[in-house]
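What follows is one structure encoded as structure tokens, with my remarks underneath.
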Amino acid sequence: MNVVLWVLQGLLAVAFVAAGGMKLATPRQQLLEKGMGWVEHRKDAEVKAVGAVEVLGGLGLVLPWATGIAPVLTPIAAAGLVITMVIAVGVHLKEGDVKGSVPAAVLAVLALVVAIGRF
């Protein structure tokens with residue numbers, strides 16, 4: 001089970017750091033042009049905050065457990081990302097983007113597996 005959790009943690013970390021980094025580094029208008037319709041009704045600060053949460057959560061999935069420094073932060077980070085992705089599903093559904101809610105739901109389930117497995 002440990003290997004499965006490490007694989008999930010690694011994949012999720014890459015996904016969240018990449019997605020969050022993109023939200024932090026890319027102007028809102030360009031995100032909108034790339035198909036992220038949800039940013040249209042959000043302020044720049046909100047989009048950047050989501051990006052920061054994703055980057056920090058992604059790092060939190062791996063670094064505490066790998067270093068042995070406060071490893072309890074890994075399942076807490078995973079739980080925080082579950083909450084973030086559940087909110088993301090709601091935002092996508094509210095925007096009428098059912099297809100866009102699927103990746104967020106999958107990420108939520110995978111992060112939940114990590115949260116449960118590491119607690």
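Val113 passes all but one of (1) without any contact (Cβ under 8 Å) to a residue 40 or more places away in the chain; (2) in a helix (DSSP H, G or I); which number fails?
(1)
Being under 25 Å from Gly96 (Cα atoms), polar (S, T, N, Q), out of contact with any Pro (no Cβ under 7 Å at 6 or more places or on another chain) and surrounded by fewer than 20 Cβ atoms within 10 Å (Cβ to Cβ), is that true of even one residue in segment 6-26?
yes
Given the criteria within 26 Å of Glu95 (Cβ to Cβ) and loosely packed, with under 12 Cβ neighbours inside 10 Å, does Lys48 qualify?
The answer is no for Lys48.
In segment 1-84, which helices (runs of 4 or more DSSP H) lie fully inside it and hold 1 or more residues that are within 9 Å of the chain's Cα centre (by Cα) and at pLDDT 95 or above?
2-25, 44-67
Let me confirm something: among Leu107, Leu112, which residue is buried (at least 19 other Cβ atoms within 10 Å of the Cβ) and of a type outside the set (Lys, Arg)?
After ruling out the rest, the residue left standing is Leu107.
The values are calculated or read from the model by the stated rules, or taken from the named source; none is laboratory data. For clarity, every value in this text was computed on a predicted model and none was experimentally measured. Positions of Cβ are generated from backbone atoms using ideal geometry, with glycine treated the same way; all protein chains shown enter the neighbour counts.
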